[in-house]
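Derivation of every value follows stated rules applied to the coordinates shown; laboratory data play no part. This one's a predicted model, so the numbers in the text were calculated from it and none came from an experiment. So basically every Cβ, Gly included, is an ideal-geometry build from the backbone, and we count neighbours across all protein chains shown.
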Amino acid sequence: MRQKLIIIMCLLFIPALAAGQESVITADSSLVDTITVVPPAPVTDLIAYDKNNDHGHAIILKWTPSADDGAGKKNVLGYSIHRSLSPNGPFEERGIAAAGDASYNDVGSKERESADYMADHVDYYYKVRTLTADESVYADSEVVGPVQSYGQWFNTDRWMVLIFVIGFMAIMIFMINKARRGAKLFVRRLAGIEAVDEAIGRATEMGKPILYVLGLGTAAEIATIASFTILGRVAKKVAEYQTGLIVPCYDPIVMTVAQETVKASYMDAGRPDSYDEDMVYFVTQSQFAYVAAVNGVMLRELPATNIYMGKFFAESLILAETGALAGSIQIAGTDEIAQIPFFVVACDYTLIGEELYAASAYLGREPVLLGSLKAQDYAKAAVMVIAVIGFITIHFGWDTFVEWFHVAN
Amino acid sequence: MKRQLPLALVFIFGIFMIIQYFVPHESSEWVFEFLLDWIYIIGIFALALGIWSLIRVSWDKVKYRKENWFYSLVTLFGLFAMIVFGFDYLRNFQTAEGLQNFMFRHFFDYIMIPIQATMFSLLAFFIASAAYRAFRARSLLATLLLVAALIVMLRFNPYFGPISPYLEKTASWLLNVPNLAAKRAIVIGVGLGIVATALKVILGIERAYLGKD
Amino acid sequence: MNIFDRLMSVDRRWVFLFLALVCVITYVAEFPVDITVTYEVENIYDFIDTLDPGDIIFVAIDYDPNSLAELHPMTYALVEHAWRKELKIIFTALSQNGPGMADLAIRQISDSLDIPRTYNGVEYPAREIVNGKDYVFLGYKPYPALVIVGMGQNFRIPFPTDYYGTPLDQHPMMKGVQNYDQVKCVIDISGTSGVDMWIAYGQTRYGFPLALGLTGVMAADYYPYLNSGQVFGIMGGMLGAAQYERLSGNTGRAIDAMRVQLYAHIVIILFIIMGNVGFLMTRGHKEGL
Amino acid sequence: MENSKKISIIVFAGVIVLFFVSWISKTSGFQSTGLPFGASVRDGFLITLAAFLTLAIISFLYKDNPYYKFAEHLFVGVSAAYWMCVGFWSTFVGNFIPKVSSTLSGFFEVPYKGFDIFYFVPLILGIMLLMRLSSKVGWVSRWSLAFIVGTTAGLNLIRYMRSDFISQVSNTFVPLLVEWQGTGHFFSNFNLSISGQFVMMLGNWVIFIGVFCGIIYFFFSKEHTGFFGAASKLGIWILMVTFGASFGYTVMGRVSLLVGRLTFLFRDWLGLIN
């Protein structure tokens, strides 16, 4: 492709010139001649070094642009980067940088089979060629090298993340231990979760089942894992009250896990005999087919309560409105921000974002889980403190603090 | 064996994935890519479990003549027809050309696509009924919800004469400023919730997903 | 049950039916709707409208069939307007899957010029649009940033020939046209980040007047460029296209879609108001007792 | 009871008649465009079927009915098999087979990429997952679950710590005084334009306070009373305004989807508009 571009540039220029000579009368023809075909000044101060914080196979080049780039003769079209295994060549072209650019990342493939393979720990030599519109008119820089690429064992761009991970782990383990030792921890009311117990009671009175929807997340999604914990709790209550439970699943692995969870809850409640494998079943892995089926269940089985916990997408409102039509009490919880408004509008209770994750701790009231809630709160307090420091430092023009929080990809 | 080993596996792989993020070296990348590939492949086996569950539940309905059993027959028909076409049994069973099979594509284009698009478009109706039912000035919170929604819905309505431009400006301010603040607060909370839950899973504190023995 | 109770508890099937009817009627019946015009769209219209016949503008159709639904109406409205004003146009399509679609669109619009029309009270005669005389379609080349930079030197650098393989110098309208200096403005209609390149490599470097046509979701992110003056107009999504159609008096697909949108919104708002009137009145009533 | 049965039979007959009318008229329509007879019959049937299924789904808005049930169950079966076929051919045959067996690669006609022992791990884990079907050794399926959950928990922990937490915190660092040149300058240049200093500053203040109060709303281990209570109340107000605005904003997109379906029914099927 790159070579092609050069050829194109070259090809086009010849007819352009020819056209300029032919059109004798128009004043505009003079414009053609403004593109001068004298060699430009070469780039200077070229340096090459290994790209840091990567897996190797990449070298960075930096230079000072040609004096004719955007100034002087104004004839620089761009730069092409050439690499060789020896200072004397042969050089191969590695890529092109636009006029005005002063750096280039020579990134090769790590696959040995690839034509673009770039070996680590091998000496390379580079030069940068300043290009003009005419392929035969250019200027080469001096050759730099040798330079080697290699991979690093620690990504220093990411130390902030490491501090946060370790810090958060430490707070969490500290708080959990504190809770284990018997410290009293307060948790505020979560209306949505309190409603779950009520709703199960209501279903028992009405003799109608409970519909539990785990959403479209995979078993790997943390929202789904949080939902399993809530499902376990709901299933236990359901088993105690001998109410029906319907769990249609979108993902086969989620189905497998949900079966385990529900079965365990029935055992906990001392009613393993009431557990039926078909309470939890797979529907299909197609978003709207799944919704169509769940809608059908809502209108045919008329569950007393619909519980939606996990990842939801555009289907949230279809489910919640159909459930409302069927007259069920509805409790929802999702961390999918775009869908929260629809649940808030159409459901009786909604767990907003983080409340979904707090719910499992709230339900269990186990000191271990409450300890982790406390740790989350400390982290939030830390965010607020950091934000304030950020403001202050911005106003005093000290950007380093803010820079720390910009984590490269 | 039944419970300790799975917890140990969760811990080992969880910690590895955390450390991996900080190690750009090729060897860590190599393991990382393997692990991700494996998850996809295991997913295919899980899909078999899912299809099995679907067939069993549908077939039970047909066998015991449960309510609506006839429709379960329709499900089974659709399922098997699509599988037969998808593998193109008669001609080239061995290659993925089943996905190019004439009937496979037509079932997709004329059954899946229209139903899917129509299910999706039902949202236009449900968004209207939800608005009618729920947007009542019952309390301060409900009123805020209602007023914000009205302003945004009116933003391109030309029938308000001189106020129209102001409505539009207010609407875009609402969408750019408070919206940004609230979303950021939610995202920070959700991020923390996810990190905490993931940590609990790795440390074996949250284990409902493993069931019990 | 008095009337207010009823207002509050309309069966939602009536809501569905009413909304469906309104959507179908407004979709099938072609009556005009009023569209509020915002200044960022009007700027573009005015700019094009005040150019002289024979002036050249540059239109980059930088989207692919994925965002066709939202961006095609803009292209149709804008290009037809320009051709009715007898402007000449240079097209590019710097999105990999876009050139075929852009070519089709250009042909379709040029066909529509065969019919005489009256827009905003001005009669426009039928006109044959000729490739090379009224427009040149340069097509696609990879590396959009380099292409945009290259065209600032000379269009012939990245595009020695046009999309159909004709050398640019064989086109009468390209005579003496070297680079952006000879076009009055560049209008980039884009559904991707290609628009950033037009701003960074094109406008910033060569300083030509630039206007953008963007998808509804993208538009909000580019208003800062409008405020800073780097961009003189923005059309956002279907709404932006409808405004342009309304300004040029050329009612088309965007206004068709907007008609449904507008009335669907009004229906929903009416139902909300109805529910609230019922709610407030019955509450007052009960408190009064 | 008798009556409703009669009505449903009449409706059923009507639907059948309409289906055939549409089939025949679409067939003749296609034929007139020069399509051969066989293809016209086929395309006429398919477009009629698509229209029937579209209307069957819409009929759900009135109430649950046999046509919706039919469409729903058909959709479930077809889509489940669709994803199974796609998954089998792309992941199993595409990613897995070429790495484990040259014989199987030959059978499925995919290029063999060389034996890789590590690909037996997912095979074993996958088979373990299938053990669920047995009640005796079902517990081994947990090993595969543990692998998946552990790996993705670690992955998610890092991903959200970085993108949802640290990046969002750093985005909150906005200046509260925009282009500040003293109070005198501020008041003499005061205006309400959207790009003016006042509106920009107001915006940054609202973002700052909004994020703060929103976070306070999500505090779980502290009673929401006093200053804390007031802040959390302001937090939930801002959340509600946001939810209302997002809801209102979404209406437009949803109506567009309906327009898409109307286009299918009125243009592609009925041919009423062009």
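Give me the log10 of I(q) over I(0) for segment D:174-269 at q = 0.12, 0.15, 0.21 Å⁻¹, as the Debye formula computes it from C-alpha points; what are the numbers? Each listed q maps to, in turn, -0.66, -0.80, -1.02. Our Cα-only numbers for chain C put the radius of gyration and Dmax at 23.3, 88 Å. Extent along the principal axes, Cα only, for segment C:168-235: 41, 21, 17 Å, with the longest axis given first.
Near A:Trp404, once Lys and Arg are set to +1 and Asp and Glu to -1 for all other residues with Cβ below 12 Å from its Cβ, the sum equals -2. Sorted fewest first by neighbouring Cβ atoms within 10 angstrom, A:Glu354, C:Glu42 come out as C:Glu42, A:Glu354. Relative to the longest principal axis of the Cα atoms of chain A, the long axis of helix A:222-241 makes an angle of roughly 10 degrees.
When Cβ neighbours within 10 Å are restricted to other protein chains, what is their mean count per residue of peptide D:107-115?
Rounded to a whole number, the mean comes out at 2.
Once you sort the root eigenvalues of the Cα gyration tensor of segment D:1-141 as a ≥ b ≥ c, which label holds: rounded (a/c under 1.5), prolate (a/b larger than b/c) or oblate (the other case)? Since a/c reaches 1.5 but b/c is at least a/b, the shape of segment D:1-141 is classed as oblate. For the protein assembly as shown, the residue among A:Tyr124, B:Leu79, B:Ser27 whose Cα projects farthest onto the positive side of the dipole built from Cβ charges is B:Leu79.
Considering only the Cα atoms of segment D:37-107, their convex hull presents on average a projected area of 7.5 nm². A compact globular protein would have a Cα radius of gyration near 2.2 N^0.38 Å; the ratio found for segment A:136-293 is 1.71. The distance linking segment A:66-103 with segment B:146-213 is 48 Å (Cα centroid to Cα centroid, whole angstrom).
Here's how it looks for A:Tyr281: its modeled amide H is under 5 Å from those of A:Val247, A:Cys249, which are all 5 or more places away or on a different chain. With the biggest extent put first, the Cα atoms of segment C:55-125 measure 38, 25, 17 Å across the principal axes.
Relative to the longest principal Cα axis of chain A, at what angle does helix A:191-206 sit, 0 to 90 degrees, rounded to 10? Result, in degrees: 40.
Under the convention that each Lys and Arg Cβ holds +1 and each Asp and Glu Cβ holds -1, the size of the dipole of the protein assembly as shown around its Cα centre is about 4340 debye.
Taking the DSSP beta bridges in segment C:37-262 as the whole, what percent of them are antiparallel, to the nearest 5?
Percent antiparallel among DSSP bridges in segment C:37-262 is about 15.
D:Ile209 sits among other residues whose Cβ lies under 14 Å from its own Cβ, and their net charge, with Lys and Arg +1 and Asp and Glu -1, is +2.
3J(HN,Hα) along segment A:286-292: 10, 3, 7, 5, 4, 4, 4 Hz, from the Karplus curve 6.51 cos²θ - 1.76 cosθ + 1.60 with θ = phi - 60°, whole Hz, x for Gly and Pro.
Assign one of three labels to segment B:74-213, namely rounded, prolate or oblate, based on the Cα gyration tensor with a ≥ b ≥ c the square roots of its eigenvalues; rounded applies when a/c is under 1.5, prolate when it is not and a/b is larger than b/c, and oblate otherwise. It is oblate, given that a/c is not under 1.5 and a/b is not larger than b/c.
Of all beta bridges that DSSP places with both ends in segment C:66-169, some 50 percent have antiparallel geometry. Legend: calculated FRET efficiency, B:Ser172 to C:Ala29, from the Cβ-Cβ distance at R0 = 30 Å, rounded to 0.05, equals 0.45. Taking only the C-alpha atoms of segment A:191-364, the Rg (one decimal) and the largest Cα-Cα distance, Dmax (whole number), read 14.2, 41 Å.
Straight-distance candidates among the aspartates and glutamates for linking to D:Lys63, with alpha-carbon spacing under 19 Å and chain neighbours fewer than 8 residues away dropped: A:Glu301, A:Glu315, A:Glu321, B:Glu67, C:Asp11, D:Glu72.
Under Stokes-Einstein, with the Kirkwood radius over Cα pairs as Rh, the value for segment C:12-143 at 10 °C and 1.306 mPa s is 94 µm²/s.
Taking a Cβ cut-off of under 14 Å around D:Ser101, the surrounding Lys, Arg, Asp and Glu residues balance to a net charge of 0, with basic ones at +1 and acidic ones at -1.
With helices as the sole contributors, chain A gives -14000 deg cm²/dmol at 222 nm; each DSSP H run of n ≥ 4 counts as -39500 (n - 2.57), and the sum is divided by every residue. A quarter of the convex hull surface defined by the alpha-carbon atoms of segment B:1-64 gives 6.3 nm² as the mean projection. Of all lysines in the structure, the ones whose alpha carbon falls short of 29 Å from that of A:Lys178, not counting any fewer than 8 places away in one chain, are A:Lys236, A:Lys374, A:Lys380, B:Lys200, B:Lys212, D:Lys222.
Computed on segment C:127-275, the Cα convex hull volume stands at 146 Å³ per residue. Lysine pair count for chain C with Cα-Cα distance under 27 Å and sequence separation of 8 or more or different chains is 13.
Helix by helix through chain D, keep the DSSP H runs that span 27 Å or more along the axis on Cα and average at least -0.5 on Kyte-Doolittle, and give those back in order.
D:2-32, D:37-58, D:66-87, D:141-160, D:197-217, D:226-263
What percent of all Cα-Cα pairs in the protein assembly as shown falls in each 10 Å bin, counting up from 0? P(r) over the protein assembly as shown, rounded to whole percents: 2, 8, 14, 19, 22, 19, 11, 4, 1, 0, 0.
Are there any helices in chain B, counted as whole DSSP H runs, that stretch 24 Å or more along their axis by Cα and score at least 1.0 on average by Kyte-Doolittle, and if so which?
B:4-22, B:69-87, B:113-134, B:178-202
Database remark: amide H of C:Asp64 closer than 5 angstrom to the amide H of C:Gly191 (H placed geometrically; neighbours at sequence offset of 5 or more, or on other chains; Pro and chain starts carry no H).
Using equal-weight Cα scatterers in the Debye expression, the normalised intensity of chain D in log10 at q = 0.12, 0.14, 0.16 Å⁻¹ is -1.08, -1.11, -1.23.
Which of rounded, prolate or oblate describes segment D:2-63 when judged by the alpha-carbon gyration tensor and an a/c cut-off of 1.5?
Numbers: a/c = 4.43, a/b = 2.21, b/c = 2.00.
Prolate is the answer for segment D:2-63, as a/c is 1.5 or above and a/b outweighs b/c.
For B:Lys169, a cut-off of 20 angstrom between C-alpha atoms picks up these aspartates and glutamates, skipping any fewer than 8 places away in its own chain: C:Asp34, C:Glu40, C:Glu42, C:Asp221. Every pair of different Cα atoms in chain A enters the Kirkwood calculation, which places the hydrodynamic radius at 27.4 Å.
I'm a student and want to see the number: the projected area of the Cα convex hull of segment B:28-80, averaged over all directions, in nm².
Values: hull surface 17.4 nm².
Quarter of the Cα hull surface area: 4.3 nm².
Ranked for footprinting exposure by Cβ neighbours inside 10 Å, fewest first, C:Glu86, B:Glu29, B:Glu206 give C:Glu86, B:Glu29, B:Glu206.
Using the Cα coordinates of segment D:91-142, the gyration tensor eigenvalues translate into equivalent-ellipsoid semi-axes of 27, 11, 7 Å, sorted from longest to shortest.
Once Rh for segment A:72-193 is found with the Kirkwood sum over Cα pairs, what is the Stokes-Einstein diffusion coefficient at 10 °C and 1.306 mPa s, in µm²/s?
Numbers: Rh = 19.8 Å.
Calculated translational D: 80 µm²/s.
The 3J(HN,Hα) values that the Karplus relation (6.51, -1.76, 1.60; θ = phi - 60°) gives for segment A:369-377 are, in residue order, 6, 5, x, 6, 4, 4, 4, 4, 5 Hz. Gly and Pro appear as x. Close amide H pairs (under 5 Å, H built 1.01 Å from N) link A:Leu77 with A:Leu131, A:Thr132, A:Ala133, residues at least 5 positions away or on another chain.
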